[in-house]
Every structure is written in C-alpha cells, then in structure tokens.
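The values are calculated or read from the model by the stated rules, or taken from the named source; none is laboratory data. Model, not experiment: these values are computed from the prediction. Every residue, glycine among them, receives a Cβ derived from its backbone with ideal geometry; neighbour counts consider all protein chains shown.
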Amino acid sequence: MAQKFQKIIDGLWLVEDICNVYIVQCNQRAVAIDFGSGNWFDDLGQIGVEYLDHVFLTHHHVDQCSGLQDRESWPFTIHAPAGEEDFLDHSTMRQTGSFSRFDRGCPKSYSVLKDGLGNVVYDIRSHLDFLWLKKRIRFLATPGHGPNACSIIIDIGEKQIVFCGDAAYEGGTLWQPFHLEWDHYSTIGTIAAWQGIKRLAAMQIDLLCPSHGSIIDSQPNAKLNLLAERLMKLHDVKQVNYTEEKDLYLDSELLSFGGAKLFEHLYQFGQNGYLLLSSSGQALIVDPFGPDMEIMERLLGSLGGVKPTAVVVTHYHSDHCDGIEYLRQHYGAKAYLHPQVARPLANVNQSYIPWLPKVSISADELWPNEGMWQWNEYNFQIDHCPGQTWWHCCFMILIDGRKVFFSGDNFTPLSRYGGGCVPCSFNNGRLEDGYLKSAELVLKYKPDVIASGHWVYYHFTESRFRKIIQWAHHASDVIRQLCPTGDIEKDYYNMGAEPGAITKESIVRKPKGVTYLWAK
Ligand SMILES: [Zn+2]
Ligand SMILES: [Zn+2]
C-alpha cells in the first residue's frame, strides 16, 4: 500500500487526497496547505507531527475543504483567502447570493459546500505575510478557481516553494478549466487567471505544488509562462470571434412605438421578438420575452386586428420564451417547439442549466429535429443549431422574397459581442459540434438576412461564416490545450457531461469520495 504521507523534501510531505494536501513540518509542529477529506489528519503522528497549527485553504472549492465539515471544532486555525466567506460562510453566502439560483444564470461557483464552514479566519491576503515559528508565509493572489484564490509561498530549507492551488496544473494546463467562467459571456475570470500566473511566473520557483496532479519541479517558470500564453489565447478567442467584417445591418423602418418594420411581413419588437405576418391576418411570434409583450401589443394594435396564433422559439433561455404563456392566455396561440428546445423547458426544476424560465413550458406541437414545417403560406426550414447553448434551433423562412435565417443567440456582427459566439461550459456552448456546425448550415442555405436575437438583423456574407468556422476550430484547440487530459469533452464541455445532458446527476462531476453539494 502506498504511504499516506509522501516525503517530497525534508520538511515537506504530500498527501494525495481528493486534492493534494501539503504538510510543511518543523519538528513536531506543522501547517497544512488545503485539507481535502482530512482522512490523513489522525495519522500525522506517523511523520512525527504532534501539533497541526494551521490549515491554509488556497480557495473554497469542495475538494479543498470538505473534510473540515466533519468535526465541530479542530485543534488548528483554518485560514482562507479574504473574500472566500462569500462561498464558505453560511450566513454570508445567503446574504451575497452565493446560494444563487443558478437557473437564473451561471452560478458564482461550481463547487460550494452546501452547509458552509464555520470558524474560518479570512486573513489570507496578497502581500500580507504570516509568521509561523521562524517562517514567513507569503500569499499571492492567483484567481481563476474563484475570484479570491491565492498561492502560498513558503521557504523550506534552501528552496522557495509555491503552493498554487488550482491556478496551474502540470504541462501548462488547468484543472477543470470551466471554473474560469465566472459568468456565461465575459473573459473576466480568464484575465484574472492570466494576471495571477504572470505574477507567479516572475518568481524564482524551486517547486510548484498544485492542488491536483504532479508537483512541478522541472522548469516551473517556463510552464507557467506557457500557461499564461494559453490563457491569453483563451481570452482572445472568447473576446472576438473573427475580424475585418462590416456589421452590414439591415435598414429597417422605425415605428413610432419603438418596433421596427423589416419587410412588408416581418417586424421586430422589444429585445428579442419578431412578428411574421400572414396574408390570412394571423401572426406568428418568434422568441417572445415577457417584458416585450407590451410593445408587441402596440405593434399588434398598429397592424389593426392581427391575431397571433403561433409562437416559436430559437432556444430555451428565458428571455426568448417566457412570453409564451402570455400569448397562450391572451390569444390562444399554440407553441411549436424544436425537440431540443422543448427538452429543458418541459421540466425546469429537473434541468440543470442556466437561464431557464421560472416555470416549465410545454409544447403544443413538436417540430421535426430537422426538416420542413408549414405555417399558413410560409415554409420553415428547421434545424438543430447548437451554439450559445446546445438546446438551440434555427429556422429559415422565405419572407417577401428574402431568405431570412433566424439564428437566435448564435451569431452577431462584430460591434455586438465581438461576433456573438461564446463558449460556456455550463451553457453547453460547444465549438466544433456547436457553432461550427451551425455556421456550416448558414453557409449551406446562403440566406439573404440573418435575424438574431437582441435586436440584431444583418445581411449574410459568406466570408463572415467561413471565419466563424475557422474560429471554432481554433477556439477548440485553444481550450483543448488547457485541458490536463487533452480531452475537451472530459475536462471542459458541460463540465464533463454528455452533450445534451441536462440533469444534475449527469452534469455535476463529483470529486472522488465527496458528496458534491451544490448551493441552492
Ligand atoms: Zn478548485
Ligand atoms: Zn440565449
């Protein structure tokens, strides 16, 4: 049986627990970096440690500290980075909303102890050192796995040792890189991580001791610089999807109440809505958002007696579908949903993905997964179009002689969201089998107009979508390079779940030996 305590150098031990736990020993006394399951604590006598004085947590994730829940009190002081009380302190968590309803967006953290931890001192601060016996313990902000994560620097013998938590993994990679996604769209976590790694890479490091994987003793600085380069590439591919394409917005006629007329039979209203007019006097509503219903009413009024009889949506996000119930109640409109969009909406309490509407929505009729569907004089070409999220469809309709491709939240011009393609693990925003596949469909259909959500409609050009395809390949490589296993499926997408998995059990990865507790 492998020894529980592996001696790294005199005075430094490693326990390979649910995370790496490091014990720094001075005679009978010791401190620990991270705690893991704590299954090693009662055996410290084996290495001659009688007193564990302090436990320093690099960050709040469950694998760092779950064992600390097991006892009411411990004979050591637990230290955590300042700010981590937002994730660790039960009372603070409730106030700050760290127990966020993740279905209203992405959670602030993907790894939080359900019941939190008491008796933690939040005194780990960058540039504020801590004296223990004759040692000066230093802290350096290395965010990424949360906004407050810190590295801990301790001299042992002649060596300067850096305990970097999950800021770095061997080979210039990152353990569970999806933790950098502090929200579903921005690069704020990536940039913060890059800054932290640049700070670390500037130091003279003899041993770099991460929370997962092997200790890095060969050229740690070179590997940190490689990681910093990869993080900056990740920032770049998330920030902007392609370059040098004009926006090419479509001219439209502003209506007095704020909506816009695109063509004789197509109108845009509010944030996400479109109204397709049939010569039968009926209307079909695309992507009804609750707050947009008021302006839709004014549009219907201006059209004089038009009645919405059908409603369709591009994807399940609440701002594209939570007006369905209004249309049903007020007009008896029927909801026609793509099977992939209908799945998470059918039971929102079972679905473990962001931006769900508050209440479940059922389809009156399901669309085909791909193929044709007819409403009055209009033929819809329907396809599963993953991109911003897996549960997304697109459809193309010939309207007043123009082929209009309704792309939901998938593609925008450069002045809006840098092109509108954002990989996000929790949203299951996929690249090669997501954005790329959908961009290929656009190229196949060669529409005249792309009608997106969020008040965006523009002329189609082939070059834009060819660039998006190149971007998707490149972005996929960039994320893959950050994955410890080199497998983007395992380490990144949907937090390692199957494509299209929506239940909690199938999505959340459980650190070995831990009941994974999600804040809710
Ligand atoms: Zn972590
Ligand atoms: Zn969306």
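Every condition in (1) in contact with a Ser or Thr (Cβ under 9 Å, 6 or more places away or on another chain); (2) closer than 30 Å to residue 189 by Cα holds for residue 479 except the one numbered (1).
Going by the structure shown, is residue 64 of a type outside the set (Lys, Arg), away from ligand 2 (no atom under 16 Å from the Cβ), part of a helix (DSSP H, G or I) and farther than 25 Å from residue 168 by Cα?
no
When segment 232-260 is limited to residues that are aromatic (Phe, Trp, Tyr) and touching a residue at least 60 places away in the same chain (Cβ under 8 Å), the one that is farthest from residue 296 (Cα to Cα) turns out to be 242. Taking the stated definitions as given, is residue 389 modelled with pLDDT of 95 or more, part of a loop (DSSP other than H, G, I, E, B) and within 15 Å of ligand 2 (Cβ to nearest atom)? Taking the combined requirement at face value, the residue does not satisfy it. Of all residues in segment 157-173, exactly one satisfies the criterion of being in contact with a helix residue (DSSP H, G or I) (Cβ under 6 Å, 6 or more places away or on another chain) and either within 11 Å of ligand 1 (Cβ to nearest atom) or among the basic types (Lys, Arg) (or both), namely 167.
Scanning segment 26-39 for residues that are at negative phi and surrounded by fewer than 22 Cβ atoms within 10 Å (Cβ to Cβ) gives 26, 28, 29, 37, 39. From the list 440, 489, 432, the lone residue that is more than 16 Å from ligand 1 (Cβ to nearest atom), in contact with a Ser or Thr (Cβ under 6 Å, 6 or more places away or on another chain) and over 17 Å from residue 274 (Cβ atoms) is 432.
For segment 416-453, name all the residues that are of a type outside the set (Phe, Trp, Tyr), part of a loop (DSSP other than H, G, I, E, B) and modelled with pLDDT under 95. Show your work before the answer.
Initial filter on segment 416-453 (of a type outside the set (Phe, Trp, Tyr)): 416, 418-425, 427-434, 436-444, 446-453.
Those left that are additionally part of a loop (DSSP other than H, G, I, E, B): 416, 420-425, 427-430, 446-448, 453.
Answer for segment 416-453, where residues must be of a type outside the set (Phe, Trp, Tyr), part of a loop (DSSP other than H, G, I, E, B) and modelled with pLDDT under 95: 416, 420, 421, 422, 423, 424, 425, 427, 428, 429, 430.
Could you check, for segment 407-414, whether at least one of its residues is within 19 Å of the chain's Cα centre (by Cα), within 23 Å of residue 336 (Cβ to Cβ) and of a type in the set (Phe, Trp, Tyr)? Checked against the condition, which is being within 19 Å of the chain's Cα centre (by Cα), within 23 Å of residue 336 (Cβ to Cβ) and of a type in the set (Phe, Trp, Tyr), segment 407-414 yields at least one hit. With respect to the conditions (1) outside any loop (DSSP other than H, G, I, E, B); (2) within 16 Å of ligand 1 (Cβ to nearest atom); (3) closer than 25 Å to residue 490 by Cα; (4) not acidic (Asp, Glu), residue 226 lacks only one, and its number is (2). Looking only at residues of segment 79-113 that are modelled with pLDDT under 65 and outside any helix (DSSP H, G or I), we find that the one that is farthest from ligand 1 (Cβ to nearest atom) is 101.
Of the residues in segment 300-307, not one is surrounded by fewer than 17 Cβ atoms within 10 Å (Cβ to Cβ) and closer than 25 Å to residue 445 by Cα. Taking the stated definitions as given, is residue 375 modelled with pLDDT of 95 or more, surrounded by fewer than 22 Cβ atoms within 10 Å (Cβ to Cβ), among the aromatic types (Phe, Trp, Tyr) and closer than 22 Å to residue 275 by Cβ? Criteria met by residue 375. Starting from segment 391-410, take each residue that is touching a residue at least 12 places away in the same chain (Cβ under 8 Å) and list its partners that are within 16 Å of ligand 1 (Cβ to nearest atom), counting only C-beta distances under 9 angstrom and pairs at least six apart or across chains. Close Cβ pairs (under 9 Å, with a partner that is within 16 Å of ligand 1 (Cβ to nearest atom)) do not exist here. Taking segment 174-186 as the range and being more than 12 Å from ligand 1 (Cβ to nearest atom) and either part of a helix (DSSP H, G or I) or buried (at least 22 other Cβ atoms within 10 Å of the Cβ) (or both) as the test, only 181 passes. Of the residues making up segment 454-466, those that are assigned to a helix (DSSP H, G or I) and of a type outside the set (A, V, I, L, M, F, W, C) are 462, 463, 464, 466.
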